[in-house]
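Below you'll find the structure, written out as structure tokens, and then a few comments.
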Amino acid sequence: MTKFTPVDGDVVEDARTRIAEFAANDAVLDREWARLLADHRDEWVAVFGRGALVTAATMADILEAVPEDERDTAVIQFLGDTDRVLVW
Amino acid sequence: MIRGHFKRRGSAPPAPYVTVPVRIAGSHPWTAVDFLVDTGADLTVIHPQDAARVVPNYATRDFDEDPSRRAVGGIGGTSTFVTMTFDLLLVDDEHGAIAATLPLLVAGPRGDVLRNAPSLLGRDILSEFALYVDARTGTVTLTR
């Protein structure tokens, strides 16, 4: 059984601040993402979810999603803090 | 009362989430993680997109050598997890917060199946609360 104990004071205020910052950032990212998808609806060929880790494996997935004859000219756009990828 | 929220990911129907500040036990600072409320999960798990923000040196950490390593199966397949001890804070909307220190499963960074998966708030934590979820009104609450 998980044992929860009450806490108060500065740690709670710090936690509320972290949650508020997270929610505000999330809302900004969602709006940015929706706008980019709308602006480039006919252009993107691969989209990885918000928060996706961009790793070597991800890059392989990205290239796999781009037609072979377009790989030399494809634009791979890293959005935000490189946590979203738009290929077009 | 701890309040959550509904969030839509891609084309899936909106799902219930609770934002929980977490940290490796005893360390600083806190990092807010959005956990999907998952009554089907035995344990609370942190998936790669959040682990990268919460666990120091996550991408280069050698999960294969970790003695707590174990394979865990789910609907999306089987992936490698390790156990790490975290502090969690569940913030009440009126009366402060409650804290717990407990082991959580952390997905390895090479879990491709789970790369974009949300972290899960499982029954190890949910069982301590009365859970109310109503998508019609966008209400998610945990009450003790």
Selection status of B:Arg144, at pLDDT below 90, within 18 Å of B:Thr39 (Cα to Cα) and surrounded by fewer than 18 Cβ atoms within 10 Å (Cβ to Cβ): yes
May I ask you to say which residue of B:Gly77, B:Gly138 is at pLDDT 80 or above and more than 10 Å from chain A (Cβ to nearest Cβ)? B:Gly138
Only residues that are of a type outside the set (Gly, Ala, Ser) and surrounded by fewer than 23 Cβ atoms within 10 Å (Cβ to Cβ): list them for segment B:23-39, please. B:Arg23, B:Ile24, B:His28, B:Pro29, B:Trp30, B:Thr31, B:Asp34, B:Leu36, B:Val37, B:Asp38, B:Thr39
Out of B:Thr44, B:Thr39, which single residue is in contact (Cβ under 8 Å) with a residue 12 or more places away in the chain, among the β-branched types (Val, Ile, Thr) and under 12 Å from B:Leu104 (Cα atoms)? B:Thr44
Report the residue count in segment B:4-36 for those that are touching a residue at least 60 places away in the same chain (Cβ under 8 Å) and within 13 Å of B:Leu89 (Cα to Cα). 11
Within the bounds of segment B:40-52, is there any residue that is surrounded by 13 or more Cβ atoms within 10 Å (Cβ to Cβ), modelled with pLDDT of 95 or more and part of a strand (DSSP E or B)? no
If you take the residues in segment B:4-22 that are facing chain A (nearest Cβ under 10 Å) and exposed (fewer than 15 other Cβ atoms within 10 Å of the Cβ), which one is farthest from A:Thr17 (Cα to Cα)? B:Gly10
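The values are calculated or read from the model by the stated rules, or taken from the named source; none is laboratory data. Keep in mind that what you see is a predicted model, and the values were worked out from it rather than measured. Heads up, the Cβs are rebuilt from the backbone with ideal geometry, glycines too, and the neighbour counts pull from every protein chain shown.
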